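J.: Dumping the structure here so I can ask a few things about it.
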Amino acid sequence: MVLSKTSSESDVSVHSTFASRYVRASLPRFRMPENSIPKEAASQIINDELMLDGNPRLNLASFVTTWMEPECDKLIMASINKNYVDMDEYPNRCVNMIAHLFNAPLGDSETAVGVGTVGSSEAIMLAGLAFKRKWQNKRRAEGKPCDKPNIVTGANVQVCWEKFARYFEVELKEVKLRDGYYVMDPQKAVEMVDENTICVAAILELEWDFRLPLVKSINVSGHKYGLVYAGIGWVIWRNKEDLPEELIFHINYLGADQPTFTLNFSKGSSQVIAQYYQLIRLGYEGYRNIMENCRDNMLVLKQGLEKTGKFNIVSKDNGVPLVAFSLKDNSCHNEFEVSDMLRRFGWIVPAYTMPPDAQHVTVLRVVIREDFSRTLAERLVIDIDKVLHELETLPSRISARIVLANEEKLDAVAKKVKEDQNEITEIITAWKKFVMEKKKMNGTALDTDVSVHSTFASRYVRASLPRFRMPENSIPKEAAYQIINDELMLDGNPRLNLASFVTTWMEPECDKLIMASVNKNYVDMDEYPNRCVNMIAHLFNAPLGESETAVGVGTVGSSEAIMLAGLAFKRKWQNRRKAEGKPSDQPNIVTGANVQVCWEKFARYFEVELKEVKLREGYYVMDPEKAVEMVDENTICVAAILGSTLNGEFEDVKLLNDLLTEKNRETGWDTPIHVDAASGGFIAPFLYPDLEWDFRLPLVKSINVSGHKYGLVYAGIGWGYKNVMENCRDNMLVLKEGLELTGRFDIISKDSGVPLVAFSLKNNSTHNEFEVSDMLRRFGWIVPAYTMPPDAQHITVLRVVIREDFSRTLAERLVNDIQKVMHELENLPCKVCARILISGDGDKEQHGAVVVKKTAMETQREITTIWRKFVMEKKKMNGVC
């Protein structure tokens, strides 16, 4: 159970990401809504929240299984509607298999005593309750008091033992740990045993099971190294005498007596099916291989950490496959900082203090599950090394304080420094250099890049694969799939990539159609492409007769479409020039400097000069007048952008058409217009139907549009698209207004255009947009920061693209995360204060203070100063314990 917290104004409602398709109204967050909503909307609302969680596969804090074979996934889905209490065959099989695995003293025809549970917590409750009841019965029979039971454990046990003690009124007697010995000391445990001790709870060693006569019950988690998804555990008793009969309930509604001893009644049966699948699928051989593989990968990680020379390994090689480690020198930085900074790379590695009496020891812990491969272990070591590299640039936590002359002198010199533009350039250069160094680190081919290792190697293949060569031998299809999937998993979440205009979600029904046609060749079919071309042509007001067919083609994307359109313009211009007997070897095309790189590719690939209209501050689209001025007899076309990727603004195609018409009339040329509507083509017809930009203008001869951006899908143009685009615009305004309310940003984008928000820090900010962009990645957001094209390159902006899958809830969440980033950045020193006042020798400035010019490294250190303070402040804000 998670305790509730105070809700903010943005917590009152939940908004459907795909609201325009299913539901437009907000939903109350903490009340049942009055009306039903479509199943699709409910699913997506929940999915939007789940998407913000960390990747379970990269959660190295958890022992819980995060991967199962697809075949087992299918069985889980097939049995997900079956109630556990309606079946007993599979639980009985599992109980007996596990009992034999634990060497229970069973006769040939004897049945094991045990039960399936939701997890080890429930199993521990049941085992503890059995011990308590058996002890009570014995004490009563002896005429002794039975009101003060206790249980002896080590201080290293999980909280479920404390829960058992508190819930079932049993005193918990804990054996304290000591430095270097982090398990229960058996001698001390036995010393604490008295007549009221119902049992001693031990965490297993090598000889640990029913082979030991005093071991009366064992609990095990099926959802940990039992290799089943969360929600299954087991408790096994040595024999029937160790489970008091009075605790067993008998039900017969199934037509026969069915004994039951659980804290639950109805629960899903799918995890039991999954456990049985694993037991029969893997057998002893399979489990042995998997556990050996986990141990091998544990050693790989351990050795990698040891090679850094920065860590002490606290864990042991013979035990649960995990690596617990601590910094050798935590005088400058601590394990909590390492843990926090690793989240930027997607890793969830917990840092925690040991229990009493070793609470002065702090460790990081990585659990080696089946789905944690050698490749991931090597990748984690690399990322830890990067974190340590960054931490080394931070000042020591115990470094001496810099003594400033006095506050008045600092203010005076700081004001002077702020006016020095050269110092600003120096700081930004140092920052960019730091970013480039990080990129170099990321792109370096290390020794660990030579081989690729299968995550699920123990099931399919044990040998490494060469990374850059075709392997000599085939490998199973499952292994190949998982190796690739492991790499893909490390990429950012596409739904949180707010840099991209590309669609990241489609309805499940469409996904099914895609899979059904994945083996069909495009050239073998023409009906659906023809329908799409004609629908889009009518959408763009092409002058077609009733029976006339549109001229167009489907492409991989707008880049290919631009190549084809440009080539058509070039060839038509060449043919005309040749017919007129004029040279045709120097074609050019006029665009704004805000066009995408595909236009530069077209110009370079097809030998066309690219003549760019420079931008200016406050006007980030092509100026039609300047564009027309650049047109000459060699211009094959003028390319206008309907939706700049810089700030979403539509260029004035109507004015361009009018001015170019006049120039064509004066010169006798016939220069046409191409409209690059990659982003805006599926927006303008629905949000701005009266805007003239398309084939209604006589000089517009071709238009390209991206179906994989705001095209969403070709079929369904009309009412549905209108709602989707209106919803995108509404969510754009929510984000814009949220950013404006912070008082920290200038909004660069326009309300009328592609639904995106481009914004920059106000002039009084002491940090830059690249820092904001970089720090937002820690929260999973990919928000690009970039400088404008010439002649506005001194302007830096952040940009968020509002796609259909970006909801109002996500907009509010993004604003909150941006606020957290700004809060952290406020703790950084001013990026323009490149000089500090210190006592000592040097050149005297005003007020007698001494000023020392800092090196690039010192400047970088200043930029990243107080990271530790960041971490602690963020933990306070997030409520991290």
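J.: Against the definition (in contact (Cβ under 8 Å) with a residue 12 or more places away in the chain and in contact with a helix residue (DSSP H, G or I) (Cβ under 7 Å, 6 or more places away or on another chain)), how does Met298 come out, yes or no?
T.: Spelling it out, it is not the case that Met298 is in contact (Cβ under 8 Å) with a residue 12 or more places away in the chain and in contact with a helix residue (DSSP H, G or I) (Cβ under 7 Å, 6 or more places away or on another chain).
Residues are listed down the side, and each one gets a yes or a no for (1) in contact (Cβ under 8 Å) with a residue 24 or more places away in the chain; (2) among the hydrophobic types (A, V, I, L, M, F, W, C); (3) farther than 23 Å from Glu241 by Cα; (4) crowded, with 19+ Cβ neighbours inside 10 Å:
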position	(1), (2), (3), (4)
Arg140	no, no, no, no
Val152	yes, yes, no, yes
Glu162	no, no, yes, no
Lys173	yes, no, yes, no
Asn196	yes, no, no, no
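J.: Let me ask you something else. Among the residues of segment 555-584 satisfying the criterion of being part of a loop (DSSP other than H, G, I, E, B) and modelled with pLDDT of 90 or more, which is surrounded by the most Cβ atoms within 10 Å (Cβ to Cβ)?
T.: Ser584
J.: Taking segment 751-792 on its own, how many of its residues are charged (D, E, K, R), part of a loop (DSSP other than H, G, I, E, B) and at pLDDT 85 or above?
T.: Number of matching residues: 2.
J.: While we're here: Please go through segment 712-750 and give me each residue that is under 22 Å from Tyr786 (Cα atoms) and at pLDDT below 90, ordered by number.
T.: Within segment 712-750, Lys750 is the sole residue that qualifies.
J.: Something else: Does segment 645-654 contain at least one residue that is part of a loop (DSSP other than H, G, I, E, B), small (Gly, Ala, Ser) and closer than 23 Å to Ile748 by Cα?
T.: Yes - at least one qualifying residue is present in segment 645-654.
J.: Taking Gly143, is it at pLDDT 90 or above and within 19 Å of Ser221 (Cα to Cα)?
T.: In short, no.
J.: Continuing with this model, one more query. Please note which strands (runs of 3 or more DSSP E) are completely contained in segment 312-374 and include at least 3 residues that are β-branched (Val, Ile, Thr).
T.: Passing ranges, in order: 362-367.
J.: Would you be able to say whether some residue in segment 615-629 is more than 37 Å from the chain's Cα centre (by Cα) and buried (at least 23 other Cβ atoms within 10 Å of the Cβ)?
T.: Looking through segment 615-629, at least one residue is more than 37 Å from the chain's Cα centre (by Cα) and buried (at least 23 other Cβ atoms within 10 Å of the Cβ).
Each row is one residue, and each column tells you yes or no for (1) surrounded by 15 or more Cβ atoms within 10 Å (Cβ to Cβ); (2) within 32 Å of the chain's Cα centre (by Cα); (3) at pLDDT below 85.
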{"residue": "Pro259", "(1), (2), (3)": "no, no, yes"}
{"residue": "Ile273", "(1), (2), (3)": "yes, yes, yes"}
{"residue": "Tyr277", "(1), (2), (3)": "yes, yes, yes"}
{"residue": "Val300", "(1), (2), (3)": "yes, yes, no"}
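J.: Sticking with this one: Within segment 537-554, restricting attention to residues that are outside any loop (DSSP other than H, G, I, E, B) and either of a type in the set (Phe, Trp, Tyr) or more than 38 Å from the chain's Cα centre (by Cα) (or both), which residue is farthest from Val597 (Cα to Cα)?
T.: His538
J.: If we scan segment 348-357, do we find a residue that is closer than 30 Å to Glu162 by Cβ and either among the charged types (D, E, K, R) or modelled with pLDDT of 90 or more (or both)?
T.: Yes, segment 348-357 has at least one match.
J.: Now, a different point. With the requirement that a residue be surrounded by 14 or more Cβ atoms within 10 Å (Cβ to Cβ) and on the phi < 0 side of the Ramachandran plot, what does segment 539-551 give you?
T.: Passing the criteria: Leu539, Phe540, Ala542, Leu544, Ala550.
J.: Moving on. Taking the condition of being within 44 Å of the chain's Cα centre (by Cα), within 30 Å of Arg93 (Cβ to Cβ) and not in a loop (DSSP other than H, G, I, E, B), how many residues in segment 182-237 meet it?
T.: Residues in segment 182-237 being within 44 Å of the chain's Cα centre (by Cα), within 30 Å of Arg93 (Cβ to Cβ) and not in a loop (DSSP other than H, G, I, E, B): 10 in total.
The values are calculated or read from the model by the stated rules, or taken from the named source; none is laboratory data. These numbers come from a predicted model, not from an experiment. Note: ideal-geometry Cβ built from the backbone for every residue, glycine included; neighbour counts use all protein chains shown.
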